[in-house]
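Just below is one structure, and these are the notes that go with it.
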Amino acid sequence: MKAAVHSRYGPPDVVRIAEVDRPAVGEDDVLVRVHATTVNRTDCAYRAAKPFFMRALTGLARPRRVVLGTEYAGVVEAAGSGVTSFGVGDRVFGYNEGAFGAHAEYLAVPQGGAIAVMPDALTFEEAAPGTEGAHYALAFLRVARVRAGQDVLVHGATGGIGSAAVQLLKHHGATVTAVCDTARLELVKGLGADRLVDYTAQDFTVDEQRYDAVFDAVGKSTFGRCRRLLKPGGLYLSSELGPGWQNVLLPLVTAVFRGRRVKFPFPQQNQEIVRQIGELIKAGGLRPVIDRRYPLEQIVDAYRYVETGQKTGNVVITVVPPN
């Protein structure tokens, strides 16, 4: 099969298209014919092995997983003898961080993994970007225990995580202030944001409004800068570890006090989450935002674009062109 492979860590140019063996299908696996996948921040971090500690997970000298790709949508082409949850011909989508392999024509996934039947109304290119940003955003909602009527600020509202967070917060009845640039104010308003802050015109951290939670979906702020934005007992959460891993350490420190606190939203990656995302899409609570589409043969260009930090929502890789 055709796949995007990388045998060493580095910039986008380390990735190339090659012919590799199809993955083996175990007794409890399904073989998915991948129609669409994505390039996202997770793929970029694993490809470059940045931060360096990631090599403990991916291989110290060279990558153990040469085919990356976390998100996918496609059709079940074969199933192991023990598979009962899916059948040949099922349209499925899912998330496969750790095992990876979605940047290829075929992917083997355990039937109990983070995989579910696609919502009927979606195309493969619409379903593929549904999981990465959304499962991080759902982790934020779960950890922050967001309730209807609460005031929440989302910094980085145009990325894969931020655009999902704005929509899911509105679905749960929160009042959302979204931070983005001038060019994308109307897009974010269309996602449901109640109030917009243009970071090119003002520093969002000097906002006069106070919030029950501040979610930094791009990891470019700190608790120190955002603390004044929080109501008493308010929460700061970030999608990144922060300088000196402070976003993992500060939850321990701030928990001692009764004031403003930091929590780190460790995401869950399981079948229940993917099914929940599918239900949210069907209910109209989530619409994955797509910026650009590239064919698999141009995946290096997709990596380059994602690493500009300017993408809006998601970048889709088309493996099987739609009819």
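Tell me, what is the Rg over Rh of segment 165-292, with Rh the Kirkwood radius over Cα pairs?
With Rg and the Kirkwood Rh in hand, the quotient comes to 0.97.
Using a 1.4 Å probe on the protein heavy atoms only, what accessible surface does D207 show? Give it in Å² to the nearest 10.
Surface accessible to solvent at D207 totals approximately 10 Å².
With springs only between Cα atoms under 10 Å, which of G278, G244, G69 fluctuates most in a Gaussian network model of the chain?
Evaluated over the chain, the most mobile residue of the options is G244.
How big is the C-alpha Rg of segment 250-323 next to the rule-of-thumb value 2.2 N^0.38 Å, as a ratio?
Output field value: 1.64.
When DSSP beta bridges are limited to those with both residues in the chain, what percentage is antiparallel, rounded to the nearest 5?
Here the antiparallel bridges make up roughly 55 percent for the chain.
Would you mind telling me which residue in T175, T38, T308 has the biggest mean-square fluctuation in a Gaussian network model of the chain, where springs connect alpha carbons within a distance under 10 angstrom?
Among T175, T38, T308, the largest mean-square fluctuation in the Gaussian network model of the chain belongs to T308.
If you wrap a convex hull around the alpha carbons of the chain, what volume per residue comes out, as a whole number of Å³?
It is 135 Å³ per residue.
Mind grabbing the base-10 log of I(q)/I(0) for segment 14-115 at q = 0.18, 0.21 Å⁻¹? Debye formula, identical points on the C-alpha positions, no solvent, two decimal places.
-0.83, -1.05
What does the accessible area per residue of segment 1-127 come to in Å², with a 1.4 Å probe and no ligands, DNA or RNA counted?
Using a 1.4 Å probe on heavy atoms only, each residue of segment 1-127 averages 42 Å².
Considering only protein heavy atoms and a probe of 1.4 Å, how much of the accessible area of the chain is carbon and sulfur, as a whole percent?
52 percent
Give me the lysines in straight-line cross-link reach of K50: C-alpha distance below 28 Å, same-chain residues under 8 apart excluded.
K2, K220, K263, K311
After finding the eigenvalues of the alpha carbon gyration tensor for segment 98-223, what semi-axes result from the square roots of 5 times each, listed largest first in whole Å?
Over the Cα atoms of segment 98-223, the semi-axes work out to 30, 16, 14 Å.
Give me the lysines in straight-line cross-link reach of K282: C-alpha distance below 22 Å, same-chain residues under 8 apart excluded.
Answer for K282, where 22 Å is the Cα cut-off: K170, K189, listed by chain and number.
The values are calculated or read from the model by the stated rules, or taken from the named source; none is laboratory data. Just so it is clear, the model here is predicted, and its values are computed rather than measured. Side chains included, ligands, DNA and RNA excluded: accessible areas come from the protein's heavy atoms. Shrake-Rupley method; radii C 1.70, N 1.55, O 1.52, S 1.80 Å.
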